[in-house]
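**Q** For reference, the structure I am asking about is given below.
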Amino acid sequence: MFVVCGALCSVLCCLPARDASAQTAALPAEGDYTLRDFRFDSGEILPELRLHYITLGKPARDAGGRVRNAFLILHGTGGTGRNFLSDNFAGVLFGQDQPLDDGRYYIILPDGIGHGRSTKPSDGLHARFPRYEYDIACFVNPPLYAFGNAGRNIPIGPGLFTWDFGPSKDFRLTEKTGLQFRAEFFNLLNRANFGLPSGSIGSAAAGTVTSVVTNARQIQFALRLHW
């Protein structure tokens with residue numbers, strides 16, 4: 001999702017605001033914004049990209065109608081805006097006299113692409129959903145002896161899908177003796193399931209996928225005599 005952060009920031013800060021007279025500073029409001037013909041970094045185009053968002057507070061506009069108190073809060077490459085409503089975040093950020101007091105600021109919490117109520121593969125496109133990755137240009141190594149500010153486990157992998165199939169047939173030989181034939185197919189469709197992109201920032205391999213996490217199709221047969 002880092003490859004579209006710039007677009008999200010410019011779009012979401014201009015979202016149509018809720019009626020300020022109908023909401024209080026502490027009451028979240030939800031909405032959707034649809035982008036037409038959205039182009040991903042891969043060059044693929046999605047005719048409609050739905051971004052779901054939650055807002056806190058009231059927008060303050062200047063004479064030109066621009067919102068001047070908006071804060072857009074993103075969450076690595078994945079997650080929903082509702083994650084920021086937990087006590088770990090909202091309890092120390094959005095209260096009265098806290099850093100992002102929702103009585104003073106208009107806070108926008110979007111659902112990441114592929115998460116929550118934003119457009120995601122499970123809406124119907126499944127494997128035909130555009131390939132979106134993180135842009136390594138958005139990352140740098142922190143200074144020596146300093147902690148970075150990127151989230152933990154934020155790269156999104158390509159996803160995993162596999163079919164295993166195991167038919168069997170029993171044959172009665174005598175009253176007490178039987179024979180079972182069994183066939184086992186692992187990764188029946190022989191699909192390549194790729195691993196996570198490398199997180200080695202600063203190396204030539206950063207952001208690239210260099211491994212698979214499942215084996216190629218395997219088939220085995222067995223006979224079992226039981227008595």
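The values are calculated or read from the model by the stated rules, or taken from the named source; none is laboratory data. For clarity, every value in this text was computed on a predicted model and none was experimentally measured. FYI the Cβ positions are ideal-geometry reconstructions off the backbone, even for glycines, and counts take in every protein chain you see.
**Q** Based on this model, can you work out whether Phe185 counts as surrounded by 10 or more Cβ atoms within 10 Å (Cβ to Cβ) and either among the aromatic types (Phe, Trp, Tyr) or not in a loop (DSSP other than H, G, I, E, B) (or both)?
**A** Spelling it out, Phe185 is indeed surrounded by 10 or more Cβ atoms within 10 Å (Cβ to Cβ) and either among the aromatic types (Phe, Trp, Tyr) or not in a loop (DSSP other than H, G, I, E, B) (or both).
**Q** Identify, please: which residue in the range 102-123 is without any contact (Cβ under 8 Å) to a residue 40 or more places away in the chain and outside any helix (DSSP H, G or I) and is, among those, surrounded by the most Cβ atoms within 10 Å (Cβ to Cβ)?
**A** Once the filter is applied, the top-ranked residue is His115.
**Q** From the list Ser21, Ser86, which residue is at negative phi, surrounded by fewer than 17 Cβ atoms within 10 Å (Cβ to Cβ) and modelled with pLDDT of 55 or more?
**A** From the options Ser21, Ser86, the qualifying one is Ser86.
**Q** Can I ask one more? Considering only the range 27-78, how many residues are within 19 Å of the chain's Cα centre (by Cα), small (Gly, Ala, Ser) and modelled with pLDDT of 90 or more?
**A** Residues that pass the stated criteria total 1.
**Q** Pairs needed: first member in the range 211-227, at negative phi; second member anywhere, exposed (fewer than 10 other Cβ atoms within 10 Å of the Cβ) and not β-branched (Val, Ile, Thr); C-beta distance under 8 Å; at least 6 residues apart or different chains.
**A** Short answer, once both residue conditions are applied: Trp227/Lys176.
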